[in-house]
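S.K.: One structure coming up, written as structure tokens, with questions to follow.
The values are calculated or read from the model by the stated rules, or taken from the named source; none is laboratory data. Just so we're clear, the structure is a prediction, and the values are computed from it rather than from any experiment. All Cβ positions, even for glycine, are placed from backbone atoms using ideal geometry, and neighbour counts span all protein chains on display.
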Amino acid sequence: MGRIVAIDYGRVRTGIAVTDEMQLIASGLTTVATADLISFLKQYVREEKVVKWVVGAPKQMDNTPSESESLIEGFIKKLKSSFPDIDLEREDERFTSKMAVQSMVAGGLSKKQRRNKALIDEISATLILQSYLNRSN
């Protein structure tokens with residue numbers, strides 16, 4: 001089938017999560033410096049079959065796009081031009097950062113570990129992907 005890759009795009013760093021090839025389980029992959037994101041994804045696509053991108057859609061409580069949406073739109077244009085044959089969908093990412101921290105607390109991570117913003121971004125991408133999988137199955 002191929003993997004689905006979720007992207008929690010950020011100005012400085014971007015969290016990435018992937019499914020298994022059967023598209024059943026969402027797992028955190030890594031966090032990448034946003035400046036290196038497209039080159040990282042090109043390398044990943046050379047090694048793995050990717051069939052879909054799921055990019056987080058940051059929204060306000062009233063369902064309007066957040067201010068970071070304009071940055072994400074620019075990224076999506078680059079992503080589509082770099083990978084024209086891979087489908088792209090958006091997934092609401094409201095509360096994923098808060099839920100990521102809560103899952104770190106529940107998992108017993110120390111305060112120092114919970115301040116690791118790269119880990120929060122990776123977990124957020126995993127939550128975005130799991131939300132997408134739950135909604136599409």
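S.K.: Could you please give the count of residues in the range 18-29 that are buried (at least 16 other Cβ atoms within 10 Å of the Cβ) and within 13 Å of the chain's Cα centre (by Cα)?
M.R.: Looking only at that region, the number is 5.
S.K.: Considering the range 49-64 alone, what residues qualify as being modelled with pLDDT of 95 or more and surrounded by 13 or more Cβ atoms within 10 Å (Cβ to Cβ)?
M.R.: Scanning the range 49-64 gives Val50, Val51, Lys52, Trp53, Val54, Val55.
S.K.: List, please: which pairs have Cβ atoms under 6 Å, are six or more places apart or on different chains, and start with a residue in the range 82-111 that is modelled with pLDDT of 75 or more and end with one that is part of a strand (DSSP E or B) and among the β-branched types (Val, Ile, Thr)?
M.R.: Ile86/Val50; Glu89/Val54; Arg90/Val55; Glu91/Val54
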